[in-house]
Each structure stands twice: as C-alpha cells, then as structure tokens.
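J.: Sending over a structure as structure tokens; questions will come in a sec.
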C-alpha cells in the first residue's frame, strides 16, 4: 500500500510544487487513475461507439477510412430497420420471451433454492447445475425432435421453456447463496410468533431477498434477450427474436452493414438501459454471501 | 399490511402469467388444419428470395395454398437444416440449399426427395432448358434431387481508368494479368494491383478457376487427390504470388468476399477475381466508389485455357419427409418457370435456364461486358468450384491451406504435398 510510485513523465510540473512532498503521492495516483480509467473505458466503449457511428452512415461510407469521424449522418438505416423491416415485432417477441421465461424461472427457482438452502440439499443443487454444464447445442436436436412431435416449434411456449432451462440453474444458484446468508434466526423468530414455515418464507425471507431476486431476474432476462442458438432453431417466422432477426441484413451476395449496425443498436440499447439502472442490484446480489463464513 | 398485499399481488400476477403462458404454448402449435393447406418454404436471404417473395400472392391465388416463408442467412440456414432434417422434421416442405456445399451430404442422408419423375412430367416447364453443369450438381446417384435456381461464374472485375492510365488492354492471359497488376501497383501509390479472397476456406472457390485454367482440378478421374499435381502447385504459387507481390499492403489472410470487395469498391485495387453474382456491390453507387469505372472480363487464360467455374450456388429441393410433396413441387415449378427466371435474372441474379440467357431480355439489365464474360464462362465452365465431397467444410480448410502459405511467402509446394495427403484421407473415408 505504501510503496512509492515511480515518478512518471506524465506529472511533469513546470515549477516546484509548493505543497509538502507527502501530497505528491495522492496526486500521482490521481493522474494515474484518470489515465487508467480513461483507457479502460475507451477500450470497452469503442466498439459500441463504432457501432453507433456506423449505424448513421451509408454503406459506402462505412468502409471509407477518411470518413471515420466526419461524415454526413443519415437516419435511413433506422428507417429501414424500424419501419420497413418491422423490428417492433421482433422487439416484442424478444421482450415477451425474456419476461415470461424470467418470471416462470423465478416462480419455480426461488422456492427450490430456498428448500435447497434450508435443508442442505447439495446433491439436488448439483443436478440443477448439470443443466448449465451440458452444452446447449447438444440438446438442440433432441429438443427439436420432442417439441416438433408436440407441434410446439415456432410458438412462444417452446422458446420460453428452452430459455428457462438455462435461466433456472442461474436463479437457483444465486438464490441459494443469498438464502444461505440470510439469518435463520429471523425465521425462527417469526415461527415463534406464530407463522408457519411457508409463511415465514413468504413474509420474512422473501421481502429481505429483493436484491438477490433482482440480480437473478435481471441476469436471466439479459441471457434470454441475447440468446441466439435456441431461438434460431425453435422460433418460427412470427416468433423470431431480435438476435436471429439481425441476420436478415446478411444476404448471400450483399451485406447491409448500415442496417445491421442500426439493428444492433436497437438490440443493445434496451438491455444497456436496464443494466444501467439496475447495476447496483447486480453487484450487491453477486457478492451477497461471498464473505459468509 | 403492506407485505401482505405485495405477496398477494405477486401470486395473482404469477397465476395470470402461468395461464397465459400455457395458452400461448398450446395455440402456437396449430398449423395446417382447417381451410387452406399451408406450405412451409425455407429460403436464404438473397435477391432471388426478395423477388419471389413479392410474387408469392400470385402463387397463392392460383393454387389456393398458403405459403409460410422462413428466411435465414446462409449459415443459419445450414444450422437449421442440420438440426431439423436430422430430427426427421416434416415442418419443412420446400428447401433452398447449396448443392455444392451440402447437396451430397443431404442426398446421402436421404433428406432430399427424388424429383426425377416430377421434372420430366411437364414438357412446357422444360427440364432440358436447364444448363447441364448445374443440373449435374443437383443430381445424386442418377436421381434428380434439386432444381438449380441461381448460378454463379467467376469473372475478372477491373478498373477501366487504371488500365487506361497504364496503357494496357484488358488482360486475357495469366501473364498479362500479372503484368497489369504490377503496372497498376507501381503507378498508383496506395492502390493494390490485384486483390482476391485470402481466407483459407473462403478463397477456395475463387482459386478454383485459377486451378482449372492452369490445367488442374481438386480430384482426378480416379477419385484421388490432385492438388499436389504440378499444375495445381503452379496455380497455388501464382494466385498466392499475385496477392503477395501486387496485393494490398499488410494483406490479411482472413478475407472473404465482404473484405476483398470493400477494398475494390473503395478504389484501393485495380484487378479483382470474384463471383459474378456479387457484381451489384461494385456497380451500385450506394455501395461502391468505383461504380462508373468498373469493367468485367472473362477469367484470363492460363496454360489450360480460360476455364472458370459455372456452378449452381443455390437450388430448390423437397424435404423427403414432407407431407405435401405434390404441392411443394408445384411451388418449385412456379418459382423456376421461364417467366420468373427471366424476372429474377433481370434483378441481377444469374439463373440456370439456357433460354433466358439466349433471350436478349435476359441480359438487358447487365453491363454488356459482364454479360459477355458470363457467356464465355457458361460455355466451357466447370460444374464445381470446390471439392465435391461429403465433408465440404473440412475439405475446403485442407485444400485452402497452400493458398494462405503462398500468400505469406511460404513453401506452397510443400504445403500442397501435405494438403494432398490430408485431402486423400478425406477421399478415402468417403
């Protein structure tokens, strides 16, 4: 902690600093922090900025290195995506599937996680985890076979079920660690005061677990929103989700980069907004139970 | 009190969603019972598809069928087929597929219905009008399994202004091609003399015409690997050398057509060998800066003559498990009729019907030099642009390796020998 940072050329000062040498360290550190933060942010944000800029360019300008920054912006790509290609329909599909699969997963996963946590059902928990260990692609053929025979392929039901398959283990695992960290004494207290086991869960533990629920819900929503593989095979013409629909702009003999980028913005923005407003839950939820011991 | 109501509301909301979810799950499956029959057609994203889509109402009105159209990018389409056909689906009736990439695999697995009787049934539709090269590629074990809809030939794209500046004619031989590439690169700083695909697998198809023009092929008459023959080695070295010596600076060895085409359409290359089906990328001012100076010519002749590929890039087939094969055939017959082929071809998609090519109307929307170049390619073209095997993706990786070695300046002869051994292994397995 107290090691001295080597003097950096960045902190060249034209005249002697009047303050005591003790204050130098924090200042060097401050500059270093700003530089490091700027670099990191730039690194992460550059592809997004590029995507956004490209979505405002014509196809011939996208490839033109001299027009990387200065160009005549056009909204044609967005017009193409939203009005001519009816992306609102795909947005609805994605939203509906993500919402329902998350809700159902929470409905099933949270009580399951509670039971596994309170009754120490480690082996059951391991079985649930298996669903995450098996690569999804190896399930596609059997799933397709089963669902096709049930005449469900192409509907929302099958998409929701398939997304739940991945969301459930995620939710169960986050919630197990969350429940592990909520004090058992509170529930015991509630039971002494006359609540049943289930009553104590519903009225005491569940309301206390809102940050954990939010984390699990948001992560599962994001997963479903971004899922491509399951939707590719199991969706139909009317239930295509956004990640699949994006490929509409890639044709055999032409690629409409501008519209592709505009569609990518349309896919990314909602999830970024959601993540931005809820990130405090995600962070606190992820670390919940981390220091239990 | 407050918590009480929260829990209750949550329970009610959850119950509602459960009910709604079950309903959507049930109703989603309903498909073809009641009223009109539904024909499920799966097509690739393509100009061809756009044109056909706009004409669909005519077909539906004439037949009383309802067409449910699904459209995907080419790789997504492949994934679909591999999963769905493998599971024995009957939810696909008509399928658009790539005869050279997947045709052999699909036919061998019995995914494609035998159309031999259907194609002969209607004399007006005239099966004999289809070019023989493409037809050969949609025939498996003597049975017709597909109808070619889109053909592709390799041509030379060139910049008229740069050639004129160098005082050169359009190259007609490989030596002239090299000389022109050299002159353009020397005279125009920052402009490459020659550009073409460089990616291992992607380059194979556009390299194939060089291979044929040098007198080689991927497989010899006995079914053995021919990529270590002297002709093939010469072709590898020539193609790689052109890009190494006269190509763009710091050329990537991972370029497929979007990257190579971008270099050409941004005005950074003088000569470019590529499939003619992509010509609109170069002639459309919306995507090209050189739209007014681009010219087209047949493949330059090598020691084996000017031999380009002439292949069906896409065909229509019928899923062998389809319950509506008769209706599916009526769709194919309609979509591949001479009338529609002409309309599609005028939209810039080279078709497979000889009569449409002979009809002046058929090439009326093409640049004249492109139409002439295509005519040359179709006359003596080879019916494949990649090894005709079952494991096409693996084979492309193997036979494409010496191309990359040649571009990077390595020993392409040794690479060809090594690739030939590996390729022979694939051939022996099949």
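Read the figures in this text as sums done on the coordinates, not as results from a lab. All values derive from a computational prediction rather than experimental measurement. No Cβ is skipped: glycine too gets one built from the backbone with ideal geometry, and neighbour counts run over all protein chains shown.
J.: Return the calculated 222 nm mean residue ellipticity for chain B, to the nearest 500 deg cm²/dmol, obtained by summing -39500 (n - 2.57) across DSSP H runs with n ≥ 4 and dividing by the residue count.
T.: Dividing the helical sum by the residues of chain B leaves -15000 deg cm²/dmol.
J.: Same structure, new question: Let's test the formula: R0 of 51 Å, r as the Cβ-Cβ distance of residue B:54 and residue A:280. What FRET efficiency results, to the nearest 0.05?
T.: Efficiency at R0 = 51 Å is approximately 0.50.
J.: May I ask you to derive the relative contact order of chain B, considering only C-alpha pairs under 8 Å and at least 6 residues apart, and to give it as an integer percent?
T.: Relative CO of chain B lands at 24 percent.
J.: Write down the percent of antiparallel bridges among all DSSP beta bridges whose residues are both part of the protein assembly as shown, to the nearest 5. Write out the running numbers ahead of the final one.
T.: Details: 26 of 41 bridges.
About 65 percent, rounded to the nearest 5.
J.: Moving to a separate point now. Rounding to the nearest 10 and keeping the result within 0 to 90°, find how far the Cα-based axis of helix B:203-213 lies from the longest principal axis of chain B.
T.: It is inclined by approximately 50 degrees.
J.: Another question, if that's okay. How large is the translational diffusion coefficient of the range A:152-260 in µm² per second when you combine the Kirkwood radius over alpha carbon pairs with Stokes-Einstein at 10 °C and 1.306 mPa s?
T.: Answer, rounded: 94 µm²/s.
J.: If you bin the C-alpha pair distances of chain B every 10 Å from 0, what whole percents do you get?
T.: 4, 20, 28, 23, 13, 6, 4, 2, 0, 0
J.: Residue separation times 0.36 nm, minus the C-alpha to C-alpha distance between residue A:269 and residue A:67: what's the value?
T.: On the way: separation 202, 0.36 × 202 = 72.72 nm, distance 2.45 nm.
Contour length minus Cα-Cα distance gives 70.3 nm.
J.: Next question, about the same structure. Across the protein assembly as shown, what fraction of all alpha-carbon pairs, as a whole percent, falls in each successive 20 Å bin from zero upward?
T.: 14, 39, 32, 13, 2
J.: 222 nm [θ] for chain A, helices only, -39500 (n - 2.57) per DSSP H run of 4+, per residue, to 500?
T.: Here the helix-only value at 222 nm equals -21500 deg cm²/dmol.
J.: Can you tell me the Rg and Dmax of the range A:85-287, counting just the alpha carbons, in angstroms?
T.: Cα only, the range A:85-287: 19.5, 72 Å (Rg, Dmax).
J.: OK, next. What Kirkwood hydrodynamic radius, in Å, does the range A:44-160 give when the mean of 1/r is taken over all pairs of distinct Cα atoms and then inverted?
T.: So the Kirkwood estimate lands at 19.0 Å.
J.: Project the alpha carbons of the range B:42-177 onto their principal axes and report the range along each, largest first, in whole Å.
T.: Principal-axis extents of the Cα atoms in the range B:42-177, largest first: 60, 36, 36 Å.
J.: List the residues of the range A:152-184 whose backbone N lies under 19 Å from a point placed 7 Å from the Cα of residue A:118 along the Cα-to-Cβ direction.
T.: Zone members listed by number: A:172-184.
J.: Using only Cα atoms, tell me the angle between helix B:230-246 and the longest principal axis of chain B; keep it within 0 to 90° and round to the nearest 10.
T.: Helix B:230-246 sits roughly 90 degrees off the main axis of chain B.
J.: Which residue, A:145, A:249, A:88, has the most motion in a Gaussian network model of chain A that connects Cα atoms within less than 10 Å?
T.: Highest fluctuation of the listed residues: A:145.
J.: Another question about this same structure. Using 1/(1 + (r/R0)^6) with R0 = 51 angstrom and r between the beta carbons of residue A:151 and residue B:116, what's the FRET efficiency to the nearest 0.05?
T.: After rounding, the FRET efficiency stands at 0.95.
J.: Tell me the angle of helix B:174-187 to the major Cα principal axis of chain B, expressed in degrees between 0 and 90 and rounded to the nearest ten.
T.: Roughly 90 degrees between the two axes.
J.: While we're on this one: Could you grab the relative contact order for the range A:85-287? Cα pairs under 8 Å, six or more apart, rounded to a whole percent. Could the numbers behind the result be given before it?
T.: On the way: 207 pairs, mean separation 64.7, N = 203.
This gives 32 percent for the range A:85-287.
J.: If the chain between residue B:108 and residue B:165 were fully stretched, how many nm would it gain, using 0.36 nm times the residue separation less the Cα-Cα distance?
T.: Gain on stretching residue B:108 to residue B:165: 15.2 nm.
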